[in-house]
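The values are calculated or read from the model by the stated rules, or taken from the named source; none is laboratory data. Keep in mind the model is a prediction, meaning the values are calculated, not measured. Using ideal geometry, Cβ is built from the backbone for each residue, glycine included, and neighbour counts are taken over all protein chains shown. Accessible surface areas use protein heavy atoms only, side chains included; no ligands, DNA or RNA. Shrake-Rupley method; radii C 1.70, N 1.55, O 1.52, S 1.80 Å.
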Amino acid sequence: MEAGPDFELVLGSASPRRRELLAGVGLAPPVVPADVDESVVGRPAPEVAAVDIARRKARALAASRVGAAVVVLCADTVVGVQDEDGWTLLGKPSDRDEARRMLQRLSGSTQVVSTGLCVARCSDGALFDDVESTHVTMRPLGPDEIDAYLDSGEWRDKAGAYGIQGRADAFVVGLSGGGFDNVVGLPVERALALLERAGYRHLPDRVHEQ
Ligand SMILES: Cc1cn([C@H]2C[C@H](O)[C@@H](COP(=O)(O)OP(=O)(O)OP(=O)(O)O)O2)c(=O)[nH]c1=O
């Protein structure tokens with residue numbers, strides 16, 4: 001017999017992609033976005049920054065639910081490119097010009113897309129985190145192609161100014177080391193495993209079968 005509280009799940013994210021990915025495995029939790037400072041200090045590796053920001057989101061949402069039988073799942077997706085000076089992290093572009101610069105930087109290179117996960121168990125304040133990283137290689141993009149992509153508007157609200165789940169799929173020539181779902185914003189199997197660690201019981205059956 002399972003012991004412990006029967007936790008309610010809350011998705012701490014405004015991202016429609018995360019909601020859809022969870023819905024794909026039969027989970028439709030209520031959504032409560034976290035509003036936190038997503039800035040990073042120095043030049044951390046993308047997996048470090050992604051977990052750090054996901055933890056900030058989870059802590060912020062747990063703070064108003066102290067002692068409740070609730071687990072809050074938060075995530076953060078960061079695109080990182082590395083050169084001789086270290087990592088440059090690309091978050092969500094603030095405007096079209098920044099989106100253009102990001103796409104020019106990503107053109108013809110391999111980037112690391114990391115999604116950090118953090119589950120806050122509000123009953124006792126425990127935090128559980130994990131991260132997945134996917135290497136994404138883009139072919140060289142011409143200026144006209146970048147302009148056409150910017151016209152589509154798909155760059156908005158997406159780390160690195162592109163969505164692999166849309167037209168930018170045509171830019172990608174290689175994917176390794178992690179999942180497609182991770183690039184879209186939520187490594188689903190990893191998120192389910194983390195929820196299980198936190199004591200959430202209402203997971204899709206296949207998690208328990210592993
Ligand atoms: C690289 C990439 C990112 N993205 C998205 C996933 C995330 O929604 C977004 C990165 O921003 P995040 O700050 O991780 O998430 P968010 O602001 O959308 O939502 P919240 O903070 O409330 O959880 O970029 C794609 O949809 N496709 C892609 O190919």
Among the candidates Gly67, Gly91, Gly4, residue that is modelled with pLDDT under 95 and on the phi > 0 side of the Ramachandran plot | Gly4
Name the residues in the range 30-57 that are part of a loop (DSSP other than H, G, I, E, B), in contact with a strand residue (DSSP E or B) (Cβ under 9 Å, 6 or more places away or on another chain), among the aliphatic types (A, V, I, L, M) and within 16 Å of Trp87 (Cα to Cα), would you?
-> Val40, Ala45
Would you pick out the residues in the range 64-82 that are touching a strand residue (DSSP E or B) at 6+ places or on another chain (Cβ under 7 Å) and either of a type in the set (Ser, Thr, Tyr) or part of a helix (DSSP H, G or I) (or both)?
-> Thr77
Qualifying positions in the range 158-170 - in contact with a Ser or Thr (Cβ under 8 Å, 6 or more places away or on another chain) and within 6 Å of the ligand (Cβ to nearest atom) = Ala159
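Residues checked against (1) touching a helix residue (DSSP H, G or I) at 6+ places or on another chain (Cβ under 8 Å); (2) polar (S, T, N, Q):
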| residue | (1), (2) |
| --- | --- |
| Ala58 | no, no |
| Arg65 | no, no |
| Leu73 | yes, no |
| Thr77 | yes, yes |
| Val81 | yes, no |
| Asp85 | no, no |
| Arg101 | no, no |
| Leu106 | yes, no |
| Ser109 | no, yes |
Could you say which residue among Leu22, Leu11, Leu27 is open to solvent by less than 60 Å² (accessible area, probe 1.4 Å) and in contact with a strand residue (DSSP E or B) (Cβ under 6 Å, 6 or more places away or on another chain)?
-> Leu11
Taking Ala191 and the conditions (1) open to solvent by 20 Å² or more (accessible area, probe 1.4 Å); (2) assigned to a helix (DSSP H, G or I); (3) not aromatic (Phe, Trp, Tyr), which numbered condition does it fall short on, given that it satisfies the others?
-> (1)
Could you list all residues from the range 83-132 that are free of Cβ contacts under 8 Å to residues at least 24 places away in the same chain and touching a Gly at 6+ places or on another chain (Cβ under 8 Å)?
-> none
Considering only the range 39-59, how many residues are within 17 Å of the chain's Cα centre (by Cα), open to solvent by 50 Å² or more (accessible area, probe 1.4 Å) and among the aliphatic types (A, V, I, L, M)?
-> 2
Answer from Thr137, Thr115 - the residue that is within 15 Å of the ligand (Cβ to nearest atom) and open to solvent by 30 Å² or more (accessible area, probe 1.4 Å) | Thr137
